[in-house]
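The values are calculated or read from the model by the stated rules, or taken from the named source; none is laboratory data. It should be emphasised that the depicted structure is a prediction, and the values quoted were computed from it without experimental measurement. Heads up, the Cβs are rebuilt from the backbone with ideal geometry, glycines too, and the neighbour counts pull from every protein chain shown. Heads up: the accessible areas ignore ligands, DNA and RNA and are worked out on the full protein's heavy atoms, side chains in. Shrake-Rupley method; radii C 1.70, N 1.55, O 1.52, S 1.80 Å.
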Amino acid sequence: MNEKLVCAQCAASYPVSVVRYECDCGGLLAVEREPITAGPAIFDERRASRRGIDASGVWRFREGVLFIGNDLPVSHPEGDTRLYERFGVFFKHEGENPTGSFKDRGMTVAVTQAVRLGARAVACASTGNTSASLAAYAAQANLKSVVFIPAGKISAGKLGQTLAYGATCLEVRGDFDSAMRLVREASTSLGIYLVNSINPFRIEGQKTIVWELLQDLRWKAPDWIVIPAGNLGNTGAFGKALREAHAAGWIAKMPRLAAIQAAGANPFYQSYRQQFASRFRVAAETIATAIRIGDPVSHDRAIAAIRLTNGVVEQVTDDEILAAKREIDGAGIGCEPASATTWAGVKKLRAAGVMRENETTVCVLTGHILKDAEAAVRSASGRTIAIEPTLAAVEKALG
Ligand SMILES: *Cc1c(COP(=O)(O)O)cnc(C)c1O
């Protein structure tokens, strides 16, 4: 019960029962609580039992996620994704979540909180995956959902998914960043609960990506955790997850974070190159539409995460992203373009001598291969050959 919203900038605090996304001083808020006493033993027992909400890879860690007492969360369930070992690194596949991206881990918590706050409608700006996840969880909770998307800039699959779950889509004539500004304004003046990653409850759910991968590795911390970096909610969440896991003694050492941006959407990389002396805004362009973001909302949270973990920020080009995606797809795993930044980043950081091959490295694949079918077809190593319906044509095509 001891949870509160604390400003990362001025340390002011607010009760979790109020609707609030930022501090009066403008700083981002985080859910903070007294030290978590539950630990690996109980988490492992819950994972093995799979009873009720223990089957969820989010709510299994509930003492560190959200105090819900005897209430039932709005859960599919989600999480409990696989860890694959390929090319000498691990891939934690968050595309195996119910709507095909890690966003479900944050959304189960944010929508549970929306219900507790008595919200009637929920909203977000999205490059596609947040909107699909929001629409699904809102449908389950019987809430109206409104999503703000940049017109013509999200994949057909993500848009179709969002509409199918019943959301109202506002196609904003502008980029993601203008859709983000608009939804912040609209949610305040229309009294709609905002569930972008500015929402501190989303962050609490996304921490469990890290906690579950530590559990997958039997609580032996890896040397590196690598993630795509767009709006930077996840980078911030990973830092908080590691701080709390380390403070609670679940892991003995602190892994290093590597946040990877697309070169065409690299404001955080630019800031990193200047030791975070200034904040950058760019006009974003990349094939990795999930991270096509020029003015990331969780900039400050992400700085804290990189500093805490002695982390690094790298950038990769669209060609490097597609080459890495071909390898991940070719290994039979598959992911959407944004997720492939991780493997592209590892290759680049190894070449630069920052990472070494004997270090344990976990790449987080954030989205499913079918999330962006157009990109999958475009970068595919397999080929399509049109033929007449005859055996001779088959032999000729394969010969
Ligand atoms: C949302 C998303 C990201 C970016 O995460 P941020 O928290 O915005 O940095 C990366 N990949 C995929 C597939 C996503 O859906």
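Computed from backbone phi with θ = phi - 60° and the Karplus coefficients 6.51, -1.76 and 1.60, the 3J(HN,Hα) list for region 283-291 is 7, 7, 8, 6, 5, 7, 4, 5, 10 Hz; x is used for glycine and proline. Residues whose amide H comes within less than 5 Å of that of VAL74, counting only those at least five positions distant or on another chain, are THR112 (H built at 1.01 Å from N in the peptide plane). Evaluating 6.51 cos²θ - 1.76 cosθ + 1.60 at θ = phi - 60° for every residue in region 233-242, the Karplus couplings come out as x, 5, 4, x, 4, 5, x, 5, 4, 6 Hz, glycine and proline recorded as x. For the pair LEU163 and VAL354, label points projected 7 Å from Cα toward Cβ lie 4.0 nm apart.
Of the trypsin sites (Lys or Arg not before Pro) in region 315-399, the ones in a loop by DSSP (not H, G, I, E or B) with at most 10 other beta carbons within 10 Å are ARG383. Taking the helices alone, the chain has a mean residue ellipticity at 222 nm of -12000 deg cm²/dmol, built from -39,500 (n - 2.57) per DSSP H run of at least 4 residues and averaged over all its residues.
May I ask you to give the solvent-accessible area per residue for region 185-308, in square angstrom, as obtained with a 1.4 angstrom probe? Please report the intermediate quantities before stating the final value.
Details: 3890 Å² over 124 residues.
Per residue, region 185-308 has 31 Å² of solvent-accessible surface.
Sites listed here are GluC sites (Glu not before Pro) in region 347-399 whose DSSP assignment is loop and whose Cβ has at most 13 other Cβ atoms within 10 Å: GLU357. For the chain, the Kirkwood radius over C-alpha pairs fed into Stokes-Einstein at 4 °C and 1.567 mPa s yields D = 61 µm² per second.
With both labels modelled 7 Å from their Cα along Cα-to-Cβ, the GLU85 to SER17 distance reads 5.0 nm. Per-residue SASA remark: MET254, around 50 Å² accessible (1.4 Å probe; ligands, DNA and RNA not included). If I fit a long axis through the Cα atoms of helix 337-351 and take the longest principal axis of the Cα atoms of the chain, what angle between them do I get, 0 to 90°, rounded to 10? In the chain, helix 337-351 runs at an angle near 80 degrees to the longest axis. Here the Karplus relation 6.51 cos²θ - 1.76 cosθ + 1.60, evaluated at θ = phi - 60°, turns the backbone of region 77-92 into coupling constants of x, 10, x, 6, 8, 7, 10, 9, 10, 9, 6, x, 10, 9, 10, 8 Hz, with x for every Gly and Pro.
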